[in-house]
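> Can you read through this structure? Questions will come right after.
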Amino acid sequence: MITIGLDTQTAFYQPHKFITGQNIHVITGEKLTPLVIQFLLPLFRTQMVAKFNWGGNGATLSRMKRLRLMLPIDDNGQPDYDFMSDYEQELLEKKKNYYLKYVHSVLAKLEYVKIQPLSNLQWRTFRIDDLFESVTRPPARSKNKYDEGDIPFIASGRSLNGSVKFCRPHENEVPDASNCITVSPVDGSSFYQSTEFLGRGGGGSSIIMLRSQRLNKYNGIFMARAINNTTSKYQYGHMATSDGIKRDRVLLPIDAQGQPDYDYMEQYVKNKMIQKYNHYLKYLNESVIGSNKL
């Protein structure tokens, strides 16, 4: 089925049984296979955003019935559901092959090493300013002043690595360097940034960047998660500052000298990535794309 949000102008595919409320419309039909639905969803969303909005012009049942979609047709002038299904099947196969190639390339660079579980380790708290050489903010920036591009704009948010948009830097503008951890002062969300980015700056909501020569892609991911356990206390009304972040303490595994065990953190994340990617490969190889049972 397809569900339509009355107030939000959203459309989603529902592959499983579900319960919903009065502000959701449900669209059914014998031609609505999973692949056909995937073809239709972008068309629904485009039309709904253009015609409906929250408030007095929501996606009511009568308005939805009058909604028109541009669709491919067969020789009889009817919607060509076979073409829609074949088109989506081809796209999914291309995506699957792309993902498989990517995952295999990642796994080729990783080596699994058996290590102690986290519960067997010695741990210690460290002040953040003792772990990082610099705790800084980016220059004043607003995502609304950038055109679409391929550089992530990092701001507040607990998903997508803090990225809210992909932008093109202004002429002669130097993006923020990669290999750092960003912390949102608004909600404390912390992420490792593996590529150069444009950080939100200016005012109290500008992100905070933590930089250290000991960071790499793998121990950086571990440390970002550990830091998030501390910085998640921040919120509107109690926002983080650079000085406050410096004083915060983070709990980390330690080596025989009582210092952060960067080698362990790195291998732990590598092992987790290998495990997750192998689970992903198993899912891709066993899934039946295009089946009515997705």
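> Looking at segment 159-177, I want the residues that are more than 21 Å from Val135 (Cβ to Cβ) and open to solvent by 60 Å² or more (accessible area, probe 1.4 Å) and have a partner that is polar (S, T, N, Q) and not in a strand (DSSP E or B) with Cβ atoms under 9 Å, at least 6 apart or on another chain. Which pairs are those?
Ser159/Ser189; Val164/Ser156
> Still on this model: For residues in segment 56-90 being assigned to a helix (DSSP H, G or I) and small (Gly, Ala, Ser), which is most open to solvent (accessible area, probe 1.4 Å)?
Top of the filtered list is Ser62.
> Kindly provide the set of residues from segment 1-14 that are of a type outside the set (D, E, K, R) and either exposed (fewer than 12 other Cβ atoms within 10 Å of the Cβ) or over 18 Å from Phe39 (Cα atoms) (or both), ordered by number.
Gly5, Leu6, Thr8 - these are the residues of segment 1-14 that are of a type outside the set (D, E, K, R) and either exposed (fewer than 12 other Cβ atoms within 10 Å of the Cβ) or over 18 Å from Phe39 (Cα atoms) (or both).
> If we keep just the residues of segment 15-45 that are in a strand (DSSP E or B) and open to solvent by 40 Å² or more (accessible area, probe 1.4 Å), which is nearest to Arg68 (Cα to Cα)?
Residue satisfying both the conditions and the ranking: Ile27.
> List the pairs whose first member sits in segment 65-79 and is free of Cβ contacts under 8 Å to residues at least 24 places away in the same chain, whose second member is among the aliphatic types (A, V, I, L, M), and whose Cβ atoms are under 9 Å apart, counting only residues at least 6 apart or on separate chains?
Leu67/Met48; Leu67/Ala59; Pro72/Met84
> What pairs come up if the first residue lies in segment 11-31 and is among the basic types (Lys, Arg), the second is modelled with pLDDT of 90 or more, and their beta carbons are under 7 Å apart, counting only those six or more places apart or on different chains?
Lys31/Tyr81
The values are calculated or read from the model by the stated rules, or taken from the named source; none is laboratory data. This one's a predicted model, so the numbers in the text were calculated from it and none came from an experiment. Methodologically, a virtual Cβ is constructed for each residue, glycine included, from the backbone with ideal geometry; neighbour enumeration extends over all protein chains shown. Calculation scope for accessible area: heavy atoms of the full protein, side chains included, ligands and nucleic acids excluded. Shrake-Rupley method; radii C 1.70, N 1.55, O 1.52, S 1.80 Å.
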